[in-house]
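Engineer: First the structure, which I've put down as structure tokens, then a few questions once you've had a look.
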Amino acid sequence: MTDLSLREFATLVRANIARVIVGKSETIDLLLVALLCGGHALIEDVPGVGKTMLARALAISLGLTFRRLQCTPDLMPNDVIGVSVYHPRDASFVFQPGPIFTNILLADEINRATPRTQSALLEAMGEGQVTVDGTTYALQRPFLVLATQNPVEFEGTFPLPEAQLDRFFVEVAPGYPSPEEEAEMLRMLAGEHPIETLKPVVDGQQIPALQRAIWSVHVDDAVRDYIIRLAHATRAHPDLALGASPRATLALFRASQALAALRGRDYVLPDDVKYLVRPVWRHRLLARPESALRGRTAAAALDAVLAEVDVGIGQI
């Protein structure tokens, strides 16, 4: 693993996950980008498209620990991060870690958890640590939260606030498979489910070193300027009440470096930025209420910004 390039790393992981998940290479790439940037991913799609299976296949392929947390309205913060339990024999409290102490955490249907429980994830996602009874505990490295939510079901849910949405590095939507992909899926599932025989193909403990490697990917000043102009254009767009934050700008910059490395380059192209703008920024923007009433969405405003802002490729 130590001799693998980032491109070889991605090729091995993609091929292994493809034994379980058919035709989702773009989604897999975005999850790898989030992982290599130390970020987290929000998977928003209808039930039954393989969100949980994708998370399991990724964890197994990387040889990392995996925990699944089913979010419900009665889930408490201590159910996520852990609790201190009193031991009478020793007359002391002993911390019992919660499911968040893992490498990859699947927070299934995160919008079914109450805001109080959702906020318990904020410190962990932002700082890689949790604090219980005044004591801070570091989480495992690498650490990736994959949170899912159903976009068509709203009863009994608590929409994620903008502050928490901004914590997610990318938003992905696997979508339905094509007829050909669904036929291949049925063929693969004719016998034992392939997830049962899936094996690790890379050493996930080397990921921190790979994360540092993407810092050296070159970003031309003109590409940096392009990212900044895109961010400022969202903040000035008349249909948007909330544009891209500085955290969003940094996320797009770092994601572009990771994607370039996964594609075997040591430099970022404007096309890398364009490819990543939607999954990195779409969930962070908020349409004005009056614009939403007219059917103007944040996604449509972002598309307009992409069309209007000049790349300035002549300067690169």
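Engineer: Based on the Cβ-Cβ distance of E308 and R141, what FRET efficiency does E = 1/(1 + (r/R0)^6) give at R0 = 45 Å, to the nearest 0.05? Numbers along the way, then the final one.
Structural biologist: Values: r = 40 Å, r/R0 = 0.90.
Rounded to the nearest 0.05, the efficiency is 0.65.
Engineer: Related question: If you stretched the chain out fully between D203 and E123, how much longer would it get, using 0.36 nm times the residue separation minus the C-alpha to C-alpha distance? Don't skip to the end; give the middle numbers.
Structural biologist: Details: separation 80, 0.36 × 80 = 28.80 nm, distance 2.68 nm.
So the chain would gain 26.1 nm between D203 and E123.
Engineer: Pick from A231, A173, A209 the residue whose mean-square fluctuation is largest in a GNM of the chain, springs joining Cα atoms under 10 Å.
Structural biologist: Checking each option, the largest mean-square fluctuation is seen for A209.
Engineer: Can I ask one more? Pop a pseudo-label 7 angstrom from the Cα along the beta-carbon direction at both F158 and E181 and give the gap in nm to one decimal.
Structural biologist: Label at F158, label at E181, 3.3 nm between them.
Engineer: Let me ask you something else. For the chain, what is the accessible area per residue in Å², given a 1.4 Å probe and the full set of protein chains?
Structural biologist: Details: 14960 Å² over 316 residues.
With all protein chains present, the chain gives 47 Å² per residue.
Engineer: Give the lysines reachable from K51 as a straight Cα distance under 17 Å; neighbours fewer than 8 places away on the same chain don't count.
Structural biologist: K24
Engineer: How large is the helix-only mean residue ellipticity at 222 nm for the chain, computed as the sum of -39500 (n - 2.57) over DSSP H runs with n ≥ 4, divided by its residue count, in deg cm²/dmol to the nearest 500? Mind showing how you got there, number by number?
Structural biologist: On the way: 13 runs with 136 residues, N = 316.
Dividing the helical sum by the residues of the chain leaves -13000 deg cm²/dmol.
Engineer: A further question follows. How much FRET efficiency would the formula 1/(1 + (r/R0)^6) give for D271 and F93, where r is the Cβ-Cβ distance and R0 is 51 Å, rounded to 0.05?
Structural biologist: Once the sixth-power term is evaluated, E becomes 0.40.
Engineer: Only helices at least 27 Å long along their axis, Cα-based, and averaging -0.5 or more on Kyte-Doolittle count here, so list those DSSP H runs from the chain.
Structural biologist: Numbers: long enough: none.
None clear 27 Å together with a mean of -0.5.
Engineer: In whole Å, what three semi-axes, largest first, describe the equivalent ellipsoid of the stretch 126-264 built from its Cα gyration tensor (square root of 5 times each eigenvalue)? Present the calculation step by step, with values, prior to reporting the outcome.
Structural biologist: Numbers: eigenvalues 188, 111, 102 Å².
Largest first, the stretch 126-264 gives 31, 24, 23 Å.
Engineer: Now a separate question. Quickly work out the Y86-to-S5 label distance, labels modelled 7 Å from Cα along the C-beta direction, and quote it in nm with one decimal.
Structural biologist: That separation, rounded to one decimal, is 6.1 nm.
Engineer: Another question about this same structure. Sorted by packing (mean other beta-carbon atoms within 10 Å per residue), highest first, where do 93-105, 251-263 land? Don't skip to the answer; put the middle values down first.
Structural biologist: On the way: 93-105: 18.5, 251-263: 23.9.
In descending order of packing, they fall as 251-263, 93-105.
Engineer: Next question, about the same structure. Explain nothing, just the number: relative contact order of the stretch 101-256, from Cα pairs under 8 Å at least 6 residues apart, as a whole percent.
Structural biologist: Values: 108 pairs, mean separation 31.9, N = 156.
Relative contact order here is 20 percent.
Engineer: Something else about it: Kindly report, to the nearest 10 Å², the accessible surface of Y137 as traced by a 1.4 Å probe over protein heavy atoms only.
Structural biologist: About 60 Å², rounded to the nearest 10.
Engineer: Using a 1.4 Å probe over the heavy atoms of the protein chains, calculate the carbon and sulfur portion of the accessible area of the stretch 73-143 as a whole percent. Don't jump to the answer; show the numbers that get you there.
Structural biologist: On the way: 1760 of 3440 Å².
Whole-percent figure for carbon plus sulfur exposure: 51.
Engineer: Measuring from label point to label point, each 7 Å out along Cα→Cβ, what is the R116 to V46 span in nm?
Structural biologist: Between R116 and V46, the label points sit 3.5 nm apart.
The values are calculated or read from the model by the stated rules, or taken from the named source; none is laboratory data. Just so you know, these numbers come straight off a predicted model, no measurement behind them. Here Cβ is always computed from backbone atoms with ideal geometry, including for glycine, and neighbour counts include all displayed protein chains. Side chains are part of the model used for accessible areas, which takes the heavy atoms of the whole protein and leaves out ligands, DNA and RNA. Shrake-Rupley method; radii C 1.70, N 1.55, O 1.52, S 1.80 Å.
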